[in-house]
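The values are calculated or read from the model by the stated rules, or taken from the named source; none is laboratory data. All of these numbers come straight from a predicted model, not from anything done at the bench. Note: ideal-geometry Cβ built from the backbone for every residue, glycine included; neighbour counts use all protein chains shown.
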Amino acid sequence: MVYERARQNMEAMVNWLIGNWRRVWSWFQDDVFRRLFANAGKLLGANGIAAVLEFVVAILTARALRPENYGVLALILAYEATIKRSYEMVRPRAGEAQPGCSVEYVWETGNLFLKTREALESNHKVRVNKFDPSVLSEELSD
C-alpha cells in the first residue's frame, strides 16, 4: 500500500513536470516572449559594452593626466557629487509635500565639511558658525 501511494505521488509529479514543461516551452514559441528575451539581451549587451568603455576611458584619462592631475580631477568630481547630493536632499521627493532635509541642515553640513578641510590644510583651529539666512540673501544680491 505504501509502495502504491509513492508510485502515485511520483506519477503525479512527473505529469506535473511534463505539463509545466510544455507550458514553459509554449512561452518560447510566443513571438512577444521571444522579442522580450531579444530586447533584454540587447540591453544587457549594451550595458556590458558601456561598462567596458567606461573602464577604458578611465585608464586613458589616468594615463593622460598623470597621477597628480588625475587626483585633482577625482577631487573635482567628488565635490560636484557632494553638491549635487546636497541639492537632492533639499528638493521634495515624489509624493512628498516637504523637502527631505532643510536648507539649514544642508548649509551647516556643507560649511562643516569645508571648514574641516580648511582646518586640516592650514593646521589651525577654525570656527563653524550656525546657519544665518541673511548669508543667502547677501550672496544672492552680489
Failed item in (1) in a helix (DSSP H, G or I); (2) modelled with pLDDT of 80 or more; (3) not polar (S, T, N, Q), with residue 85 passing the rest: (2)
One residue from 46, 64 being of a type in the set (A, V, I, L, M, F, W, C), assigned to a helix (DSSP H, G or I) and surrounded by 10 or more Cβ atoms within 10 Å (Cβ to Cβ): 46
Residue match in segment 34-52 (condition: closer than 27 Å to residue 114 by Cβ and among the aromatic types (Phe, Trp, Tyr)): no
Listed residues 79, 70; which is modelled with pLDDT of 80 or more, touching a helix residue (DSSP H, G or I) at 6+ places or on another chain (Cβ under 6 Å) and of a type outside the set (A, V, I, L, M)? 70
Inspect segment 24-32 for any residue being modelled with pLDDT of 80 or more, closer than 30 Å to residue 109 by Cβ, loosely packed, with under 10 Cβ neighbours inside 10 Å and of a type in the set (Asp, Glu) and give the result as yes or no. no
Failed condition for residue 86, given (1) without any contact (Cβ under 8 Å) to a residue 24 or more places away in the chain; (2) surrounded by 10 or more Cβ atoms within 10 Å (Cβ to Cβ); (3) out of contact with any Cys (no Cβ under 6 Å at 6 or more places or on another chain): (1)
Check on residue 106, exposed (fewer than 12 other Cβ atoms within 10 Å of the Cβ) and of a type outside the set (Lys, Arg): no
